[in-house]
Amino acid sequence: MFPVGCAMWTAPITVMYGGAANETAILRVPFNVEIRSLDGEQVSKGIAQDDLRIQIGPGTHRAEVRYSVLYPTTGGDFDKIQSDYYLISFDCLAGGTYRIECDDPRTIDATRRYARHPSFRVLPHVTIPVPPAVSAEKPAPSIPVPATPSGRAQDGASATELKRVWEKATPAERRAFLDSMNAPRSATPPP
């Protein structure tokens, strides 16, 4: 059995900062994280909300969060497993989307152990723009994925390395990278 994250509706964006959309960031809070306050302001997340989105200003923020799940038990009941509240601090850039993440154990015993000492991280949600297709008639050639000696692709290691680099980057470095991803690309390379 797995922890339950009821998704009866999608949570609306809660406005915590009055700036324009391009001057704010979005903080996503998943079903298994309960947020009590953000920068000293109380935050309420309705029951059965799968993913809360909070609009916030750029800069450093502090959130009071805890791990909380409903675990199905025999007889159709649920066991509510929660951690203590923890204070986390994170930086964000205007225009970015960030997500509070924590582990999601697969057994009730592992969930109880994890709730005693959870770990939270706030990671940016990065989307990579897909370049437009050159021609609809010709399919693009496939690019082979390098394999390890065991024959498995190394994409997990690459993703872990990218995540590590992103976490170490300063807010200015992150903004510069995101700006470079959205910059118009010329047809000819510079000389």
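No lab work stands behind these numbers, since they all come straight from the coordinates. Remember, it's a predicted structure, so these values are computed and weren't measured experimentally. Note that each Cβ is placed from the backbone with ideal geometry, even for glycine, and that neighbours are counted across all protein chains shown.
Counted by Cβ distance under 13 Å from Thr60, the other residues give a net charge of -1, where Lys and Arg count +1 and Asp and Glu count -1. A simple charge model with +1 on the Cβ of Lys and Arg, -1 on the Cβ of Asp and Glu and nothing else charged puts the dipole of the range 29-93 at about 60 debye relative to its Cα centre. Annotation: peptides 100-112, 73-85, ranked by per-residue average of other Cβ atoms within 10 Å with the highest first, follow the order 100-112, 73-85.
Take the alpha carbon atoms of the range 59-121, find their radius of gyration, then divide it by 2.2 N^0.38 Å using N residues; give the quotient.
Dividing the Cα radius of gyration by 2.2 N^0.38 Å gives 1.37.
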